[in-house]
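Enquirer: To start, I am sharing the structure in question, which I have written as structure tokens.
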Amino acid sequence: MAGALSRRTTTTTTTRTTTTTRTSKKTTSSSGDSAARFSEVNLIADPLYGYIEITKDRPGQASERELLDTPWLQRLRRVHQLQSAWWVFPTAEHSRFVHLLGAMHLASLFARRVDESLRAAIPETPSPPLVEETLRLAGLLHDVGHGPFGHFFDHEVLTRWHLDHEVIGRHLVTHQLADRIASLRSSPGGPFAAGEQVDPMWVAWVMADADIEGYEPPRWLRAVKPILCGPATIDNLDYVPRDAYMCGISIGPVEVQRLIHYTFINGDTVVLHGHATAALEMFLASRLYMYLNVYHHRTGRRFDLSMREVFADTVGELLQGNPLDHMDEFLQLNDWALLDAVQRWQREPAGSNRRRLADAWERITSRDLNWHLAYETVADAEMDVSHLQERIEALLPAGARTARLEVDVATARVAPQNPLTEHGFVHIYDPLERTIEERRVAELVLRLPQYNRVVRVFTDDARTVPAIHHAAREALEA
């Protein structure tokens, strides 16, 4: 009996052990399938969105992580998002790199939201992951061509070759980064359909306003372009709240989720449902506030005016000509490299060009600025600001006429694109009439409670400030 019991016990135990082992194998296999996603997608922590997804390395495929780690993307860690406002707002140390991650993240949200309406409008649209990845790459790379001090580099350097950062960015997308782009086979939303790949020309075309001569994009790409180029895009929906957060500025609510939720494709363009019109107006109000109080801050403009006197000459010492002909040099050119170079030039012989530039930059970085604010006023719609500088100069006493003047109207495009100068349409769906109407962005702006122009007069001679102030006020009241 004891032996029989012993045998039965042993048999039972062995059976249970076998069963347990089989269950364990099944669990391991199931867990492996379920956990596969964690080997495909990484998370990047972000203060606005919590986490941003990027695709990870996979055998035989390029990944977004590899693209982010290329020198062309990593250099943007050393280009400030705010060209000179970081000297005004001490916490605004964020870079173009983090803004591009945010734009890429918003591209995913928009792509997933409009997917159903896009396919209904244009049945030949490729797979959802391919559309998503095309928009993600456009968001990630739309600023990849920026040089040191961002838009300031465009205005002070690139204009001599009739270029801007978008032209350089498109060149990078279709040349230096083209192979990596074409090697991608998935987005965070999943793998592309068999045989699909992102055409770098799609990314180059959709990420910037201007068309590409001789290139005709597919219909689906043309339909989604307003997500990248319009009054409320993945670009400005990221930089407005991000810049405000990093500057420590409180702005009105930016209802990004509502704008995304009420966006859809109709025909061949993006449409915003009427239920989101108020959210668009609130966003434009917040954006306008940032332009007038951060991007066009009075002290920031003093920095810009002081830098303008030496910036092009400084870049000329570091970049020997058109960036498109010297891409290796351009790759090394960023805010850090420029400021490090001018600091080293302090050791150059006195009287040399580099020493002259170094001394001027030393004044700028020490906040000993050449330009002083002499006058500032809010301009209503009726105020005539045309030929204002000539009118002020004519009213100056003889003793103040040797000073240089700079009249600055805050609606001028001296920083990121200004919403007050846009002339594009936004398509609004009216749920009562069940019709789509076009409204100019300017019409929305006119309903905003903010003033839309600030006029400032700067001088390089502090002694003439009282005289210029009086002359400016008289010129504007005449």
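Throughout, read-outs are computed from the coordinates displayed, never taken from laboratory work. Not measured: the values here are computed from a predicted model. We place every Cβ from the backbone using ideal geometry, glycine too, and count neighbours over all the protein chains shown.
Enquirer: Would you work out the relative contact order for the chain, in percent, from Cα pairs under 8 angstrom that are 6 or more residues apart?
Expert: RCO, the chain: 14 percent.
Enquirer: May I ask which residue of 274, 373, 249 lies farthest towards the positive end of the charge dipole of the chain, with charges of +1 (Lys, Arg) and -1 (Asp, Glu) on Cβ and the Cα centre as origin?
Expert: Going by the Cα projections, it comes out as 249.
Enquirer: So if we plug the beta-carbon distance of residue 350 and residue 325 into 1/(1 + (r/R0)^6) with R0 = 56 Å, what FRET efficiency do we get, rounded to 0.05?
Expert: According to the calculation, E is roughly 0.95.
Enquirer: Further question on the same structure: Quick one: length gained pulling residue 389 to residue 229 fully straight, 0.36 nm per residue minus the C-alpha distance?
Expert: Separation in residues times 0.36 nm, less the Cα-Cα distance, equals 54.2 nm.
Enquirer: If amide H atoms are built 1.01 Å from N in the plane of the peptide, which residues on other chains or at least 5 residues away come under 5 Å of the amide H of residue 184?
Expert: Those qualifying (amide H under 5 Å, at least 5 residues apart or on another chain) are 62, 198.
Enquirer: Now for a different question. Could you derive backbone 3J(HN,Hα) for region 201-206 from the dihedral phi with the Karplus parameters 6.51, -1.76 and 1.60 (θ = phi - 60°), listing whole Hz in sequence and x where the residue is Gly or Pro?
Expert: Coupling constants for region 201-206: 5, 4, 5, 4, 6, 7 Hz.
Enquirer: Once Lys and Arg get +1 and Asp and Glu get -1 on their Cβ, which of 291, 407, 459 lies farthest toward the positive end of the dipole of the chain?
Expert: Going by the Cα projections, it comes out as 291.
Enquirer: Can you give me the relative contact order of region 229-385 as a percent, contacts being Cα pairs under 8 Å and 6 or more apart? Before the final figure, lay out the partial values.
Expert: Details: 105 pairs, mean separation 26.3, N = 157.
Answer for region 229-385 is 17 percent.
Enquirer: Could you tell me which of 364, 326, 339 has its Cα farthest along the dipole of region 310-368 towards the positive end, charges placed at Cβ (Lys, Arg +1; Asp, Glu -1), taken about the Cα centre?
Expert: 364
Enquirer: Scanning the chain for GluC sites (Glu not before Pro) in DSSP loops with at most 12 other Cβ atoms within 10 Å, what's the longest stretch left with none?
Expert: By the stated rule (loop sites, at most 12 other Cβ atoms within 10 Å), 214-381.
Enquirer: For residue 368 and residue 91 in the same chain, what is the full-extension length gain: residue separation times 0.36 nm, less their Cα-Cα distance, in nm?
Expert: Difference between extended and current length: 97.7 nm.
Enquirer: If you don't mind, another one. Going by a ≥ b ≥ c, the root eigenvalues of the Cα gyration tensor, does region 199-292 fall in the rounded group (a/c under 1.5), the prolate group (a/b larger than b/c) or the oblate group?
Expert: Oblate, since a/c reaches 1.5 and b/c is not below a/b.
Enquirer: Let me ask you something else. Treating the beta-carbon of each Lys and Arg as +1 and of each Asp and Glu as -1, no other charges, what is the dipole magnitude of the chain about its Cα centre, to the nearest 20 debye?
Expert: Roughly 2320 debye, rounded to the nearest 20.
Enquirer: Further question on the same structure: Once the Cα gyration tensor of region 310-368 is diagonalised, what are the square roots of 5 times its eigenvalues, in whole Å and ordered largest first, as equivalent ellipsoid semi-axes? Could the numbers behind the result be given before it?
Expert: Values: eigenvalues 93, 30, 17 Å².
For region 310-368, the semi-axes come out at 22, 12, 9 Å.
Enquirer: Something else about it: With r as the distance between the Cβ atoms of residue 430 and residue 340 and R0 = 56 Å, compute the FRET efficiency 1/(1 + (r/R0)^6) and round to 0.05.
Expert: According to the calculation, E is roughly 0.50.
Enquirer: Something else about it: For the chain, what is the mean residue ellipticity at 222 nm derived from helices alone (per DSSP H run of n ≥ 4: -39500 (n - 2.57); sum divided by total residues; nearest 500 deg cm²/dmol)?
Expert: Theoretical 222 nm ellipticity from helices: -14000 deg cm²/dmol.
Enquirer: Rounded to the nearest 20 debye, what is the charge dipole size of region 310-368 about its Cα centre when +1 sits on each Lys and Arg Cβ and -1 on each Asp and Glu Cβ?
Expert: It comes to approximately 320 debye.
Enquirer: Size of the chain along its principal axes in angstrom, Cα-based, largest extent first?
Expert: Computed over the Cα atoms, the extents are 124, 68, 51 Å.
Enquirer: Separate question: Taking square-rooted eigenvalues a ≥ b ≥ c of the alpha carbon gyration tensor, is region 242-333 rounded, prolate or oblate, where a/c under 1.5 means rounded and, failing that, a/b exceeding b/c means prolate?
Expert: oblate
Enquirer: So what is the relative contact order for region 137-288, in percent, with contacts set as C-alpha pairs under 8 Å and at least six apart? Show your work: numbers first, answer last.
Expert: Working: 159 pairs, mean separation 26.5, N = 152.
Here the relative contact order equals 17 percent.
Enquirer: Follow-up question, since we're still on this one. Assuming a ≥ b ≥ c are the square roots of the Cα gyration tensor eigenvalues, decide whether region 100-218 counts as rounded (a/c under 1.5), prolate (otherwise, with a/b larger than b/c) or oblate.
Expert: prolate
Enquirer: Also, I was wondering about something else. What is the set of long-range amide H partners of residue 266 at a cut-off below 5 Å, with H atoms built 1.01 Å from backbone N?
Expert: Under 5 Å from the amide H of residue 266: 271.
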